[in-house]
Each structure stands twice: as C-alpha cells, then as structure tokens.
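The structure appears right after this line, and notes come after that.
Please treat every number below as a calculation from the coordinates, not as lab data. Being a predicted model, the structure only gives us computed values, none of them experimental. Neighbour counts are summed over all protein chains in view; Cβ atoms, including those assigned to glycine, are modelled from backbone coordinates with ideal geometry.
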Amino acid sequence: MHPAFSVIFLTTLIGAGQGLFLALYTGQVYSVMHVLAAGVDPKGFYGLGSLLAFALLAAGLIASFFHLGHPERAWRSAAQWRTSWLSREVIVLPAFMGMVVLYGAVHFLGWDPLLFTLGQVPVHLSLLLGLLATLLAFLLFLCTGMIYACLKFLQEWHSALTVINYLLLGTASGFTLATAFSAWQAPDLMRFYGGWAVVLTLAALAGRSAALWRNSRIRHKSSLQTAIGVRHTRIEQKAQGAMGGSFNTREFFHGKSADVVEIVRWGFLILAFAVPLVLLLVGLAMARPEALAAAFMVQYLGLIMERWHFFADARHPQNLYYQAV
C-alpha cells in the first residue's frame, strides 16, 4: 500500500496523545490508592500534561485533513458509524479530546470536589472524568486499529496483532513522553513512569516482532493464477495494459524497492525500540532529563518509520494486475 504521510502523522500523534493521557491518569490512580506519593502539583502536572496530550491529539486531527480531497465535507465521514470503523474513530476522537480538556481544566482551575468515598479511597470529580476519558482512549485505539484489521483481503493487516500493536506503540510512546515530562514537573514520579515506559516499549517490540514474523510466513490467497483464472505454473506479466501510471499504481503501491523497505524495517526496530530503551535506562540511572527527552524524540521518529513500513508491507491483491508499468 501507499503510505500517506497525513495518516502516518495522524496515527502516531494521536497514539502518543492517548498514551500520555493514560500515563497521567495512571499516576493519579496510583496516588489515590497510596501506591505513589501524592506530593504532585495538580495544576502543573495533570493540568499541563493534559494540555500537552490535547496538543498532540489536535495536531493529529489537523494532519488528517490533508488526506481529504474535500476537507469541507469531513463531517460526512461520521455518517456510517453503524458499519464503518473509520466513522466510529471520527466520533470517538473528538469525544476523547473533549474529556481530556475537562480533565485538565478541573486540575488546572483547582475545581476538583470530593464526590464520595469508596472505602478508604476518596473519589474526586477528576477521577471520574479520567475514567471516562480512559475508556474513550481504549475505544479509540480499538477503532483506529480495526480500520485496518477488518480488511480481510489485506492479510498483513487482518490480525488481532494490528489492534494490539496500535495500543502498545501508542502507550509506549505516551509513557516515554510522560517520563520526560515528569522529570521536569514531578521528579519523584520519573522512575515510576520510566519503569512503565521500559516495560511497554519491550512489550511493543514483542508485539511488532510477532507481526513481522507472521507477515513473513503468510501464504497469500491471491496469485497471478487465481487473478486471471489460468492454472499454469509459470505466468509472467509483461505490461499492465496501459502506457503510464494510474490511480491504481499510485495509491495501492509504495513504489520503493525491496531494499528500501528492508532498510526502513531495521531502522524502525532500532529507533523505535533499541535506542529509546538505552536512553531511558541512561536517563533514569543518571537522572538526566535531556536523555529522557531524547528517548521520546528518537522513538517518535522510529514510529514514523514503523507506520510507513506498516502500510508498505501490506500487499493489495490488485497489484497482481499492475506489476509492470
């Protein structure tokens, strides 16, 4: 498939935004449960952290408009919510963004009343708003992943690993960013977030490696023989039946050589996983915030490469008709 950079930035940015919010809310829940020290300035940490998460989500939403032929008709994309995962994503994304704004505003304005007590646990308004936003975050991961996983004819995508990897990669990048953010705003939480960032990055590496291994062993259901209904063992296409390129050759094939795809594959494995893990461990061991910030930036660059490879790795059956131009 042809990797559209607008979609690449959309999915990676909103994934990092979702992961960052989940990291913030996890920290609050742990604090309420007295697993972590509660000495955090809500305005400076949860308020500004929510603003940063919202900025990532908004940037991803803006990037998505560059993929539309008629941006003024974008509202119509939500019309098929009964059957389309894309329409569901279009609905859930702004709903999640709204809840992130409410969650951050409650902390930033200091208006977080106690609603009730559950045993020994005080339940404030922000805790309920965060719970609703968390549910929407996981629903958004599901919608985004299912846009691709539901396509049965693209065998590289049609797997539960697609949804799992969107979840793991997004949360890994979000917790890595939370580690760098906490080093600036709440140093006492730096090791907590750093530990989770390392665990999630390793989990994302395992999930993405499993997807690469699976895709390398796929036996495609479509072939030149099935495409044209001829059972001969040796069929070679000489031309596509036209003198030049077309929509089919532009939108359903990335146009790069196998060597380029291989370089990108190794590139994202190094930049999205190996280097960030080293930087996280160094930053945590030596208390170096700049190393933690570099871990997120390098990881995000690796995720851009990963998402490009995710699209390029999918082989559309129609390319059986357009192998030669």
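Miscellaneous remarks
- Only helical runs count toward this figure. For the chain, summing -39,500 (n - 2.57) over DSSP H runs of n ≥ 4 and dividing by all residues gives -21500 deg cm²/dmol at 222 nm.
- Dipole orientation for the stretch 191-325: of the candidates PRO317, ALA211, LEU271, PRO317 has the Cα lying most toward the positive pole (charges on Cβ; Lys, Arg +1; Asp, Glu -1).
- Ordering of 184-194, 203-213 by packing [mean C-beta count within 10 Å, highest first]: 184-194, 203-213
- Taking TYR46, TYR148, TYR30, TYR103 and counting other C-beta atoms within 10 Å, the order from fewest to most: TYR30, TYR148, TYR46, TYR103
- Geometric extent, Cα atoms of the chain - Rg, Dmax (angstrom): 22.1, 74
- DSSP-loop trypsin sites (Lys or Arg not before Pro) across the stretch 226-325, with at most 11 other Cβ within 10 angstrom: ARG231, ARG234, LYS238
- Isotropic mean projected area of the C-alpha convex hull, the stretch 108-171 (nm²): 6.2
- Here is the list for the stretch 209-290: GluC sites (Glu not before Pro) lying in DSSP coil, each with at most 15 other C-beta atoms within 10 angstrom of its C-beta, are GLU236.
- Residues ILE14, ILE62 arranged by fewest to most Cβ contacts within 10 Å: ILE62, ILE14
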